[in-house]
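**Student:** I am attaching a structure below and will ask some questions about it afterwards.
Rule-based calculations on the coordinates, nothing more; no lab input. In this text the structure is predicted, and so the values were computed from the model without any measurement. When we count neighbours, we look across all protein chains shown, and the Cβ atoms used for this are built from the backbone with ideal geometry, even at glycine.
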There are 2 protein chains.
Amino acid sequence: MVELMTTPAAPEPAEPTLESLVGRVLGGGAFPEASLAVLPRIAEDLAGIESRLLETLHSTYPQLADAANYACRVGGKRVRPLLMAVAHRALGAEDTQPIHALAAAFQLIHTATLVHDDVIDHAELRRGRPSLPRAFGLPAAIVVGDFLFIRAFELAAEYPRSIILRCGESCADLAEGEVLQEGARFDLGTGREHYFRVVERKTAAIVAAALASVAEISGADPDGIAALEGYGRALGIAFQIRDDLLDVYGDPDLLGKPLYSDLREGNPTLVSLETHAELQAAERAEFERLFALRHKEMADLLRLRELTDRTHAADRVAAEAAAWAERAVASIAEVRPGPYHDVLDQMARGAAGRRY
Amino acid sequence: MVELMTTPAAPEPAEPTLESLVGRVLGGGAFPEASLAVLPRIAEDLAGIESRLLETLHSTYPQLADAANYACRVGGKRVRPLLMAVAHRALGAEDTQPIHALAAAFQLIHTATLVHDDVIDHAELRRGRPSLPRAFGLPAAIVVGDFLFIRAFELAAEYPRSIILRCGESCADLAEGEVLQEGARFDLGTGREHYFRVVERKTAAIVAAALASVAEISGADPDGIAALEGYGRALGIAFQIRDDLLDVYGDPDLLGKPLYSDLREGNPTLVSLETHAELQAAERAEFERLFALRHKEMADLLRLRELTDRTHAADRVAAEAAAWAERAVASIAEVRPGPYHDVLDQMARGAAGRRY
């Protein structure tokens with residue numbers, strides 16, 4: 001095993017470098033040396049997907065292209081395309097070209113939702129740069145999000161109807177997740193079950209659909225498709241739980257955004273739910289009261305953090321993220337062994353352990 | 001010819017009644033008596049499309065379904081599905097079932113854009129009822145718009161790739177139109193050419209794509225497809241120009257929303273551009289200054305209206321809408337004659353002459 005340094009996140013070049021790729025795959029973790037050899041090939045896959053993505057944005061729409069390009073550059077670490085390319089190779093593909101358009105589509109959908117999320121959450125920053133609504137205004141942000149969805153579906157139109165529907169259903173899940181989340185804002189009483197309902201729809205469903213689609217395109221049988229789908233779902237949940245932790249305990253420079261946004265926006269996370277569950281009556285009431293404030297001062301946020309520290313919620317939540325990563329690994333246990341399979345395993349663990 | 005009364009617009013039942021259908025086809029105009037006989041069949045077509053539309057909203061998403069249903073009920077007069085069904089029959093179809101899913105898709109896309117428009121324009125009312133952002137909040141409005149787009153593309157996935165791409169391209173046009181429009185806000189100097197660029201993309205492209213798709217599904221040759229596409233484009237432009245007029249000279253009760261929203265939001269319309277072009281120096285400067293105000297008092301709006309009256313811009317604009325309607329009629333001159341063809345002609349003229 002070699003220990004590698006990760007590099008800060010934002011702003012990243014459009015062409016994925018090997019260095020940034022290592023950071024994304026590792027998520028700050030360790031890596032079997034043998035698998036490092038396959039990274040250059042994955043970097044090429046990603047470059048192919050990226051050029052497909054950028055190609056769809058140019059087109060005849062000069063007014064939109066700038067903002068759409070901006071959104072794609074600040075938006076996301078290309079985790080979905082990366083997972084899709086690695087999964088395609090793990091399932092035996094010598095050439096990932098057949099999934100490039102679909103991977104670009106899933107990346108565009110992800111970017112579209114980030115853009116619309118930034119409108120909803122009034123986010124100022126995205127990966128260290130002004131968010132799209134901040135940089136281009138709210139109307140542009142809404143329309144660019146729509147445009148990215150549209151381009152994604154145009155790309156998906158190259159595939160069989162079953163793939164388009166997988167893609168569409170996961171987007172609908174995502175919308176439902178967003179609405180469910182809105183309904184639970186500022187309310188810790190909604191609990192763990194509701195939290196997982198939101199996460200499965202808002203984060204996990206689309207990763208699951210992306211990987212199930214790759215399995216389908218690879219000609220996998222129903223068990224094989226279910227294995228990759230389960231992997232994607234569990235990895236997505238691990239990823240989101242880690243996100244919850246990073247919002248309280250991450251490094252804002254690495255994250256490219258300030259801490260405590262979930263607390264500020266009143267989104268119950270596994271961290272705040274665990275804290276709430278463990279606190280004694282008086283402090284629990286205080287935590288609830290502060291969490292429910294629509295406008296929180298920094299002192300309120302720091303007090304919430306202090307109460308969180310006290311319950312050691314972070315340790316339990318980290319263990320839960322790790323357990324989901326192992327579920328992801330277990331889900332693809334039957335996929336034939338090899339360096340790409342190892343990369344998938346590492347990416348699941350990286351999702352649960354990443355620092356940005 | 002018989003002269004028929006039109007009924008007020010909002011709120012309309014989901015099931016299209018013959019009465020409301022007559023209103024929509026006529027747009028306040030006259031109608032060849034022979035064609036009235038075919039209206040019941042078109043009403044059945046519309047009911048089929050509507051049930052297909054509502055079916056896609058139910059699904060497993062209870063939290064979304066309410067808001068999505070609300071959006072579909074307040075959103076729109078079903079002009080696109082109506083045009084598509086009539087065109088399908090005009091091209092010889094005995095049964096419009098093959099285009100029901102596509103017509104529902106175009107209606108959903110239209111509704112999605114209305115919802116996002118209402119967010120962008122801070123609209124309070126839509127067809128006499130609270131707009132979706134007003135009724136359900138901004139986050140829900142953004143997500144419901146996305147959800148409607150997604151469901152539309154799922155419906156479109158039933159069709160050949162060429163149709164999906166037609167649909168997608170017209171949506172991209174629409175997004176581009178929205179961005180172009182934003183760029184011209186509060187600025188009358190952008191002129192007529194820019195205005196038509198916006199209208200072609202924002203309104204006409206999607207009607208053109210809807211009708212071209214129907215022609216393609218009907219097995220029309222390239223000339224036939226171009227004829228219907230040209231009809232849709234010209235009708236869309238006529239429709240939008242009429243919209244501009246109604247915003248200043250319409251009946252707010254019939255429209256279900258207050259007047260002067262384009263003036264308030266600073267969207268240059270053909271009415272304001274024509275007024276601006278005709279005014280003498282001092283009044284033109286005043287018109288420009290008032291138009292450019294970000295926050296207008298009612299007195300400002302009424303003064304803008306007064307200056308508009310003075311130039312008789314309304315007469316010239318009405319003539320221009322009528323000319324576009326005749327272009328639409330001319331575009332389908334080669335389509336075989338019959339009652340459905342007559343309805344198409346009437347709908348183009350109705351678009352240019354409607355009162356809501």
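**Student:** Enumerate the aspartates and glutamates that B:Lys296 could reach by cross-link, defined here as Cα to Cα under 12 Å, with residues fewer than 8 away along the same chain left out.
**Tutor:** B:Asp262, B:Glu265
**Student:** Would you please put B:290-303, A:107-120, A:260-273 in order of how densely packed they are, using the mean number of other Cβ atoms within 10 angstrom per residue and starting with the highest?
**Tutor:** A:107-120, A:260-273, B:290-303
**Student:** Compute the helix-to-body angle for A:281-292: its Cα long axis versus the longest principal axis of chain A, expressed 0 to 90° and rounded to tens.
**Tutor:** 60 degrees
**Student:** Can I ask one more? At each listed q (0.05, 0.06, 0.07, 0.12 Å⁻¹), what is the log10 of I(q)/I(0) that the Debye formula gives for the protein assembly as shown modelled as equal alpha-carbon point scatterers?
**Tutor:** Summing over Cα pairs of the protein assembly as shown leads to -0.27, -0.38, -0.52, -1.28.
**Student:** Kirkwood hydrodynamic radius, segment A:39-158, all distinct C-alpha pairs: what's the number in Å? Numbers along the way, then the final one.
**Tutor:** Values: mean 1/r = 0.0689 Å⁻¹.
It works out to 14.5 Å.
**Student:** Two decimals is fine: what's Rg over Rh for segment A:61-100, C-alpha atoms, Kirkwood radius as Rh?
**Tutor:** Working: Rg = 14.1 Å, Rh = 11.9 Å.
Here Rg/Rh amounts to 1.18.
**Student:** Treat every Asp and Glu Cβ in segment B:10-353 as -1 and every Lys and Arg Cβ as +1, leave all other atoms uncharged, and give the resulting dipole magnitude about the Cα centre to the nearest 20 debye.
**Tutor:** 320 debye
**Student:** Give me the Kirkwood hydrodynamic radius of segment B:263-356, using the inverse of the mean 1/r over all pairs of distinct Cα atoms, in Å to one decimal.
**Tutor:** Over segment B:263-356, the inverse of the mean reciprocal pair distance is 15.3 Å.
**Student:** Which residue is it, in chain A, that holds its beta carbon closest to the axis of the A-onto-B rotation, and how many whole angstrom away?
**Tutor:** Result for the A and B rotation: A:Phe153, 2.
**Student:** Local charge sum around A:Asp262 (other residues, Cβ-Cβ under 11 Å, Lys/Arg +1, Asp/Glu -1)?
**Tutor:** Charge balance in the 11 Å sphere: -3.
**Student:** So, in nm, how far is label B:Ala319 from label B:Tyr249 when the simple model puts each one 7 Å beyond its Cα toward the Cβ?
**Tutor:** Between B:Ala319 and B:Tyr249, the simple spin-label model gives 1.2 nm.
**Student:** Say R0 is 51 Å: what FRET efficiency, to the nearest 0.05, do A:Glu158 and A:Glu306 get from their beta-carbon distance?
**Tutor:** 0.45
**Student:** Taking 10 °C and 1.306 mPa s as the conditions, I'd like the Stokes-Einstein D for chain B in µm²/s, using the Kirkwood hydrodynamic radius from alpha carbon pairs.
**Tutor:** The estimated diffusion coefficient comes to 77 µm²/s.
**Student:** Taking a point 7 Å out from Cα toward Cβ as the label site, list the nm distances between A:Pro62 and the same residue in every other copy, smallest first.
**Tutor:** Sorted ascending, the copy-to-copy spacings read 5.2 nm.
**Student:** Between the helical axis of A:39-58 and the dominant principal axis of chain A, each derived from Cα atoms, what acute angle in degrees is found, rounded to the nearest 10?
**Tutor:** 80 degrees
**Student:** What is the gain in length, in nm to one decimal, between B:Glu94 and B:Glu44 on full extension, counting 0.36 nm per residue of separation less the C-alpha to C-alpha distance? Write down the numbers at each step before the final one.
**Tutor:** On the way: separation 50, 0.36 × 50 = 18.00 nm, distance 1.25 nm.
Residue separation times 0.36 nm, minus the Cα-Cα distance, leaves 16.8 nm.
**Student:** In nm, what is the difference between 0.36 nm times the number of residues separating B:Arg294 and B:Arg129 and their Cα-Cα distance?
**Tutor:** Additional length available on full extension: 56.9 nm.
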